[in-house]
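The values are calculated or read from the model by the stated rules, or taken from the named source; none is laboratory data. Quick caveat, the model's predicted, so the values are computed rather than measured. Note: ideal-geometry Cβ built from the backbone for every residue, glycine included; neighbour counts use all protein chains shown. Each accessible area value is taken on the protein alone, full model and side chains, heavy atoms only, with ligands, DNA and RNA left out. Shrake-Rupley method; radii C 1.70, N 1.55, O 1.52, S 1.80 Å.
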Amino acid sequence: MKFTKKNDLYLLIVVILLVLVMIFMNTSPNQGIIGAEVHLKGDQILQITKEGTYSVISDEGELLMNVEYVDQRIRVTDSSCPLKVCENTGWVENPNQPIICIPNEITVKPLGTQNGEGIDIYTW
Amino acid sequence: MVKRTKRISHIAILTALASAIYYVESFLPMPVSVPGARWGFSNFPLLLSVVSGIGVTNTLYIALLKTLLGSILSGRFLSPMFWMGLGGSLASALFMSLFFKFTNKFGILGISEIGAFFSNAVQLIIASLFIVKSPHIFWYFPYMLFFGIITAFINATIVNYILRSVNLDRFKS
């Protein structure tokens, strides 16, 4: 079996174009956020509109993570998950970018400013 | 009888290889933070099984067993990441086998790219339907795809070198 054929190149170009288009769509409305919603297993458990640090607590009363909202940007600190992907995501100020913690099944969805809400990239 | 023994040894060798890599891979850091993502080097035994023409069923067995064994070794059994990994590797095994069997248009690299694409897509679909239950996780899709391209290239190169030195035709049943 051959390592590459001509079609492999076309496939690669299609996938790379797809990646570039999606990254462009992800980053296009880049302005500050006005708050965030925290979802645990699909249910909204917290609505953040004021600056400060919020704790996300599970049904059993266990601390899952702290969410910090300062200066129109948001981040996760002190998560109880093993790999800390949500902490390493860092500050988020793009209303399209969610912070997701797979082990704890939490989504932190930033809310965009009024004029930035017209574009919804998730319907493509 | 001989065929059956060959088939069992083939599945066993590739499963052992893949689950060991699955375990070691969890220590490798990811350069960007993408939730639930791994490098995916443990998919090269799957690719090897596909391109040596051993059959769809055997490849699916390897995909299932390597996720089971690898996740038991790394303590992730039945966790959300286990379900994502299981769906991803079964889907990539299935689509790689189908594209290998029914089209003769792709080389090893192309088959590997197809596997990476479907693995990433199915992982995100499982996460968005059953785990975080929100479609927003698709924001991370392009970054996963980009890393999928790199891993697919590395996996295809490894398989290419193995096929040069090992005659896998003797495993065909």
Fluctuation leader among B:I13, B:I111, B:I154 - chain B, Gaussian network, Cα springs under 10 angstrom
B:I13
Which number gives the lysine pairs in chain A that have C-alpha atoms under 21 Å apart and are eight or more places apart or on different chains?
4
Among B:S92, B:V159, A:S79, the residue whose Cα sits farthest towards the positive end of the charge dipole of the protein assembly as shown, when +1 is placed on the Cβ of each Lys and Arg and -1 on the Cβ of each Asp and Glu, is B:V159
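Which number comes out as Rg/Rh for the stretch A:28-108 once both Rg and the Kirkwood Rh are worked out on C-alpha atoms? Intermediate values should be presented prior to the final figure.
Numbers: Rg = 11.9 Å, Rh = 12.7 Å.
Result for the stretch A:28-108 is an Rg/Rh of 0.94.
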Return one number: the angle in degrees, 0 to 90 and rounded to the nearest 10, between the long axis of the Cα atoms of helix B:108-126 and the longest principal axis of the Cα atoms of chain B.
40 degrees
Loop-resident sites, the stretch A:1-83, for GluC sites (Glu not before Pro), counting at most 16 other Cβ within 10 Å (DSSP):
A:E51, A:E60, A:E62
In whole percent, and with a 1.4 Å probe on the protein chains, what portion of the accessible area of the protein assembly as shown is carbon and sulfur?
63 percent
Heavy-atom accessible area per residue - the stretch B:1-172, 1.4 Å, Å²
44 Å²
From the helices alone, meaning DSSP H stretches of at least four residues, give me the mean residue ellipticity at 222 nm for chain A, per-run term -39500 (n - 2.57), in deg cm²/dmol to the nearest 500.
-6500 deg cm²/dmol
Counting only protein heavy atoms, probe 1.4 Å: which residues of the stretch B:98-126 lose 10 Å² or more of accessible surface in the full assembly compared with their chain by itself?
B:F100, B:N104, B:K105, B:F106, B:G107, B:I108, B:L109, B:G110, B:E113, B:I114, B:F117
So, for the Cα atoms of the protein assembly as shown, Rg and Dmax in Å stand at 21.0, 71
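Looking only at trypsin sites (Lys or Arg not before Pro) in DSSP loops with at most 15 other Cβ atoms within 10 Å, what is the longest site-free stretch of chain B?
B:1-104
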Are there trypsin sites (Lys or Arg not before Pro) in the stretch A:1-58 that DSSP marks as loop and that have at most 14 other Cβ atoms within 10 Å, and which are they?
A:K2, A:K50
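For every helix of n ≥ 4 consecutive DSSP H residues, a contribution of -39,500 (n - 2.57) applies; sum these over chain B, divide by its total residues, and give [θ] at 222 nm rounded to the nearest 500 deg cm²/dmol. List each step's numbers first, then the result.
Numbers: 6 runs with 117 residues, N = 173.
Only helices count here, giving -23000 deg cm²/dmol.
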Under 28 Å, Cα to Cα: Lys pairs in chain B, sequence gap 8 or more or different chains
11
Taking the Cα atoms only, what angle lies between the long axis of helix B:56-73 and the longest principal axis of chain B, rounded to 10 degrees?
50 degrees
Comparing A:I106, A:I57, A:I13, which has the greatest mean-square fluctuation in the GNM of chain A with Cα pairs linked when under 10 Å apart?
A:I13
Let's test the formula: R0 of 35 Å, r as the Cβ-Cβ distance of B:V32 and A:I45. What FRET efficiency results, to the nearest 0.05?
0.80
So what's the Cα pair-distance distribution over the stretch B:1-172, bin width 5 Å, in %?
1, 9, 18, 22, 22, 14, 8, 4, 1, 0, 0
Give me the angle, in degrees from 0 to 90, between the Cα long axis of helix B:141-165 and the longest principal axis of the Cα atoms of chain B, rounded to the nearest 10.
20 degrees
If one takes the accessible area of chain B alone plus chain A alone and subtracts that of the pair, with a 1.4 Å probe, what total in Å², rounded to the nearest 100, results?
3400 Å²
